[in-house]
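What follows is one structure encoded as structure tokens, with my remarks underneath.
The values are calculated or read from the model by the stated rules, or taken from the named source; none is laboratory data. Predicted, not measured: the structure shown is a model, and the values here were computed from it. Don't worry about glycine lacking a Cβ; one is built from the backbone with ideal geometry, like all the others, and counts go over all protein chains shown. Surface accessibility is based on the protein's heavy atoms, side chains included, excluding ligands, DNA and RNA. Shrake-Rupley method; radii C 1.70, N 1.55, O 1.52, S 1.80 Å.
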Number of protein chains: 2
Amino acid sequence: MTTAHMKFDQTSDKIADRVRNLRSSAVRDLFAAAVRPDIISLSGGMPDVSLLPQRAIQKAVHAAITDERAVALQYGSTNGRLETRQALCDIMRDIGVRVKPEEMLLTSGAQQALNLLGETFLDKGDIVLVEGPTYLTALSAFNAYEPEIHSVPFDDEGMRMDLLEEELKRIGKGNKRLKMLYTIPNFQNPGGVTMTGERRKRLIELSHEYDFMIIEDDPYGRLRYEGGHMVPLKAQDDRVIYLGTISKIFAPGLRIGWICAPVDVLARISLVKQGADLCGSTFDQVVVEHYFTDTPWQRTLQKFIKTYGERRDAMLAALEEYFPPEASWTHPEGGFFLWVTLPKYVDTGSMLADALEAGVTFCPGDSFYVDGVTGRNCMRLNFSYETPENITEAIRRLAKVIEERLELYRAFIDAGAIKVPEE
Amino acid sequence: MTTAHMKFDQTSDKIADRVRNLRSSAVRDLFAAAVRPDIISLSGGMPDVSLLPQRAIQKAVHAAITDERAVALQYGSTNGRLETRQALCDIMRDIGVRVKPEEMLLTSGAQQALNLLGETFLDKGDIVLVEGPTYLTALSAFNAYEPEIHSVPFDDEGMRMDLLEEELKRIGKGNKRLKMLYTIPNFQNPGGVTMTGERRKRLIELSHEYDFMIIEDDPYGRLRYEGGHMVPLKAQDDRVIYLGTISKIFAPGLRIGWICAPVDVLARISLVKQGADLCGSTFDQVVVEHYFTDTPWQRTLQKFIKTYGERRDAMLAALEEYFPPEASWTHPEGGFFLWVTLPKYVDTGSMLADALEAGVTFCPGDSFYVDGVTGRNCMRLNFSYETPENITEAIRRLAKVIEERLELYRAFIDAGAIKVPEE
């Protein structure tokens, strides 16, 4: 009796307000398309796991299926296995952050951390500050709790503190609705820019002055290809909530991320996590613990750094060679991405089909903004996954697509059909 | 400058309304206590993973670190790996449910499924019907979205359809706030009771008449120690949302659960899941897929059934032998738990400390009710984890604690300090 049409109606009738307007993202749809073998993908954000040594994997997994088997196959604690947290605290020390296992909670990737933070802290209408553009799936995680998201632009030195301060003045001191600021200070996604030491210091000052929590998301911090290590915000103020993940320094197929926060904050998050998933994968936790204690993971990390650095160089060189003079881009010192800006009248989203046909994918810039409009003339390019040869070829293909589009626009401009604003 | 006290104040100031009243559960606190080696735990809900054959584990894991390595270590799709879904669809056929991989979405344990269903379908004030008592962490998952939860009592034949119908009449036909009914029809947690075929049929009729979604949570369905298989609700109506998990038939340390639902429902849930965790552990998915295709898992399942059946028998025999005449309990045909009812004037929560001292843990009944009051004279006992000898000893210890408490109550009753209500 029930037809497919009736079924769909039934669901529409039942869904919560918060999901009524959720749409599949262009990025994800492309991600799906990018499995076609002839396409070179600059749209994803995948590490190259083929760089991981087979022996290290075997060693780490071996522990989980032999000595630690009874633990690895059983339910674990909501906050994550103590020994795994200890191993991750140990590796945090290299980057200047000293935390104890009781100040750390393991999550199913850093993505779950974002979701838990939203659920723990955000009521409808609360204010969250983010970089604009920012990591689009952080926005999805927060949006489930219906906050107001305010974007603050960045430049080559990271989030602009002058614009943040203006925004904070608008919000007002003592505004209870202001809950948190979310930042990716190192090699930002999608911008590729890094927050300077001076701005980090200023951000912490402002967080005290205006009383908001700083969420420091640091998936790429260890993947630096030039310049010196920047001290994390967390190392400068232990009120900061720091998010880490093994996804880019080991393997995202094992879903292990972590939250470092003061114990009272973690106690709240832990209660929320009980309802979210009871506990994470203990099997994955045991494997991760042994990877970071029993294998030469620092050597593997150097291999990642060398490889990704070469790929970044290949992309920068190809952009220089092939991209039109109207385009500009960021020069990331590390991480996975760079951000290309085209003239304001260009809509990169409308170029996706042509790009796919030409055999290359990218992420249109508007996916990284809350309003879905800003950033339409921009694109995010990933350089971590493809070989330098493929990257060069992909940029050549993409340049051709852009050039054709610009030709068209130029004709419109010449005919007076498009007004070119002063930039 | 910041003292621990100030930090705590800061957090209280920031947390969302939905978590303001969350409390750590007595069950979980006990769970933590139960790691003391002298204590026999009847409070947990753990399978005995020591029953898993080492060779099967090795075989399943081997696939993940060799041939399937590139997949197992990399990001996966939000809905879960197709091949894993296919393997799980195949094993669903044994219990009478025919679904295709596109009608299945993998979750991080069935707990995440509950959370995703809440996020996708529940607005504040929406109505969720549940068995009373029910699985307490399902309530936590739903409570994040602030619904009204209405409990419907069960008897030995499962949820009482007459009382459900009365409740539905109170709610009213066409009430848009009524979203879903959550049930564990097989060997209910905590009740141990199973819904009869007749009541299943009636439940489906009522779901159409009053237009609500049925969520059928079935973690224990295959663990039947007597009687014949009951046809799942999902097999009788494909509008039903079915939740499965490998936690009780393989290993909960690998967090793999699944939702079977019509494709339009899954499409909504999938969008929500992107923000929740991007994707689950592909490593765990590959291991599970190979466990259910390359190992004699059915033989291992028979070993689970034989072992847990003996443990249930040991518990029933010990209850018969040691428990006072004032106590009654359910006779589960499968699953992990049974439910003990003591006289109305007994508060089992207040016996926890004595029980711990006597070397045994249990779950007080009020943890399984929304109001935190009903069920105070009840307790849930788990029989899956301890050996028959331990179970017998634990029941002997627990009986002594109860007997001492009843002695005390009897003295109060004799002195007229407690009124015994007519039951």
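Brief remarks follow.
- Efficiency of FRET from Cβ geometry, A:Arg36 and A:Glu403, R₀ 25 Å, rounded to 0.05: 0.60
- All other residues whose Cβ lies under 12 angstrom from that of A:Ile39 are scored, Lys and Arg at +1 and Asp and Glu at -1, for a net of -2.
- Charge dipole (Cα centre; +1 on Lys/Arg Cβ, -1 on Asp/Glu Cβ; no other charges) of the protein assembly as shown amounts to roughly 540 debye.
- Pairs from the table (A:Lys14/B:Lys173; A:Lys176/A:Lys234; A:Lys179/B:Lys124; A:Lys14/B:Lys273) lying more than 19 angstrom apart at Cα are A:Lys176/A:Lys234; A:Lys179/B:Lys124.
- Distance (nanometres) between label positions extended 7 Å along Cα→Cβ at B:Gln302 and B:Glu320: 2.7 nm
- When the residues A:Val420, B:Val19 are ordered by accessible surface, computed with a 1.4 Å probe over the protein chains alone, the sequence from largest down reads A:Val420, B:Val19.
- Probing with 1.4 Å while keeping every protein chain in the model, the per residue accessible area of chain B equals 37 Å².
- Hits among aspartates and glutamates - C-alpha to C-alpha of A:Lys344 under 13 Å, sequence gap 8 or more where chains match: A:Glu326, A:Asp366, A:Glu422, A:Glu423
- Nearest-first distances (nm) between copies at B:Ala411, label 7 Å from Cα via Cβ: 10.0
- What the pair-distance distribution of chain B shows, using all Cα-Cα distances binned every 20 Å from zero, is 25, 56, 19, 1 percent.
- Accessible surface ranking that places the most exposed of B:Arg268, A:Arg376 first, with a 1.4 angstrom probe: A:Arg376, B:Arg268
- Rh by Kirkwood over Cα pairs, then Stokes-Einstein D for the range A:74-294 at 1.002 mPa s and 20 °C, µm²/s: 122 µm²/s
- B:His208 contributes about 90 Å² of solvent-accessible surface, heavy atoms of the protein only, 1.4 Å probe.
- Shape class of the range B:228-312 from the alpha-carbon gyration tensor: oblate, with a/c at 1.5 or above and b/c at least as large as a/b.
- Formal net charge of residues neighbouring A:Ser247 (Cβ-Cβ distance under 13 Å; K, R +1; D, E -1): -2
- Residue-averaged [θ]222 nm for chain A, counting only DSSP H segments that reach four residues, each worth -39500 (n - 2.57): -13500 deg cm²/dmol
- The range B:304-378 versus the range A:108-153: alpha-carbon centroid distance in Å: 43 Å
- Inter-copy label distances at A:Glu209 (7 Å, Cα→Cβ; nm, one decimal): 6.6
- Charge tally in the Cβ shell below 15 Å around A:Gln112, where Lys, Arg are +1 and Asp, Glu are -1, A:Gln112 excluded: -3
- Largest accessible area first, the residues A:Asp366, A:Asp294, B:Asp414, B:Asp126 order themselves as B:Asp414, A:Asp294, A:Asp366, B:Asp126 under a 1.4 Å probe with ligands, DNA and RNA left out.
- Normalised per residue, the volume of the convex hull around the Cα set of the range A:175-220 (Å³): 70 Å³
- Residue by residue along B:104-115, Cβ atoms of other protein chains within 10 Å of the local Cβ number 4 on average.
- Protein heavy-atom accessible area occluded, A/B pair - total, 1.4 Å probe, Å²: 7400 Å²
- Accessible-area loss of 50 Å² or more (1.4 Å probe, protein heavy atoms, chain alone versus all protein chains) is found in the range B:244-271 for B:Gly253, B:Arg255, B:Asp264, B:Arg268, B:Leu271.
- A point 7 Å from Cα along Cα→Cβ stands in for A:Gly96, and the other copies hold the same point at 6.4 nm, listed in rising order.
- Exposure check, 1.4 Å probe, all protein chains in place: B:Phe412 carries approximately 90 Å² of accessible surface.
- Note on the protein assembly as shown: with neighbouring protein chains present and a 1.4 Å probe, carbon and sulfur make up 51 percent of its accessible heavy-atom surface.
- Three-way shape call for the protein assembly as shown based on the alpha-carbon gyration tensor, with the a/c threshold at 1.5: prolate
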